[in-house]
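The block underneath contains the structure these notes are about, expressed in structure tokens.
Coordinate-derived values only; no laboratory data. Keep in mind that what you see is a predicted model, and the values were worked out from it rather than measured. Neighbour counts run over all protein chains shown; Cβ positions are idealised from the backbone, glycine included.
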Amino acid sequence: MKYGITKAKTTLLPKDLIRVPHKGGDLIGATFGPATYNRNTVAMSGEYFHSDEFPRVSFREGTTEESISVVAYQFGQIAKLQIFDTNWLQAGRIVKTSGGVFTNTSETDEVTLKTLLNKAEKVNGIYFIDDQMAFAPYESFKTGIQEGEEFAEGGLARALEHTDKQVAKNLKEIASFYEKGVNVWGFDKVGKPVSTVSALGSDRYLNYWLCVDGGNRGGSRSGCAFGVLRTGKASRDEK
């Protein structure tokens, strides 16, 4: 299977797949939606057919890192046109707290979150809890309108991309398509932990920013989400 989108070859529950390079291997999955994030994740658990190579497949929720990796691949030719310019990318689950943002979790118990954070490793201003979860303190990133490079260097972008580097490489590449920069909103401090979905899209009505929204509840806004191949012939990371 080559990189890029390949069309399904069956009329029974067909699902197009996309394969992209990811962390030294390949990542295979599919786009779901537009629908609410809750509906999209339910759809991921169903069984689909793609081809003789992938005759029976189902999917799991993509992490924010995986979702960003997929849309960054040939962004201007694929995801920007098919998702960002017409809809929203539901990048993955986040939890906002009084001190910052946790990625790839829906846990809202303050004691549990504090315990996780106490065991985390701090690198370049953000905290890495495991191979998926990270925590970006509010002081590590800026909200509102900003240059794409400034956004990519901030803690939120690096936590979403789950990188310990000083720059979120894929988000920097995505942001480079928006001359007006990036507009980050919905990441205000909250009194108690709140589970939401991080969403990215093109602002087509004002100044054409890359919009990064932290206030999208799972059942409230329509968008597209990425599911990672779970069954069938797995990618290198799935074996």
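Mind putting a number on the dipole of the stretch 23-103 about its Cα centre? Charges go on the C-beta only, +1 for Lys and Arg and -1 for Asp and Glu, and I need it in Debye to the nearest 20. Walk me through the numbers before you get to the answer.
Values: 7 positive and 8 negative charges, 73 e Å.
About 360 debye.
Relative to the Cα centre, what is the charge dipole magnitude of the stretch 93-220, using +1 at the beta carbon of each Lys and Arg, -1 at the beta carbon of each Asp and Glu, and rounding to the nearest 20 debye?
About 240 debye.
By counting other Cβ atoms within 10 Å of each Cβ, how are LEU89, LEU117, LEU13 ranked from fewest to most? Provide the component values of the computation, followed by the final result.
Numbers: LEU89 24, LEU117 18, LEU13 13.
Least crowded to most crowded, the residues run LEU13, LEU117, LEU89.
Please give the length that would be gained between ASP203 and SER45 if that part of the chain were fully extended, namely 0.36 nm times their separation in residues minus their C-alpha to C-alpha distance (nm, one decimal).
53.8 nm
In the stretch 93-220, with Lys and Arg counted as +1 and Asp and Glu as -1 at Cβ, which of these residues, TRP209, THR97, VAL123, has the Cα nearest the positive end of the dipole, that is, farthest along it?
Positive-most Cα among the choices belongs to THR97.
What share of the DSSP beta bridges in the stretch 93-220 is antiparallel, in percent to the nearest 5?
Antiparallel bridges make up about 85 percent of those DSSP assigns within the stretch 93-220.
So if I place +1 on the C-beta of Lys and Arg and -1 on the C-beta of Asp and Glu, and nothing else carries charge, what would the dipole magnitude of the chain be about its Cα centre? I want it in debye, nearest 20.
Dipole size: approximately 520 debye.
Using Cα pairs under 8 angstrom and six or more residues apart, how large is the relative contact order of the chain, in percent?
28
Along the charge dipole of the chain, which of VAL197, PRO55, GLY144 sits closest to the positive end, that is, farthest toward it, with unit charges on the beta carbon of Lys, Arg, Asp and Glu (+1, +1, -1, -1)?
Going by the Cα projections, it comes out as PRO55.
I need the shape label for the stretch 93-220. Rule: rounded when a/c is under 1.5, else prolate if a/b > b/c, else oblate, with a, b, c from the alpha carbon gyration tensor.
On the way: a/c = 2.19, a/b = 1.43, b/c = 1.53.
Because a/c hits 1.5 or more and a/b fails to exceed b/c, the stretch 93-220 counts as oblate.
I'd like the distance separating the alpha-carbon centroids of the stretch 162-183 and the stretch 1-66, in whole Å.
25
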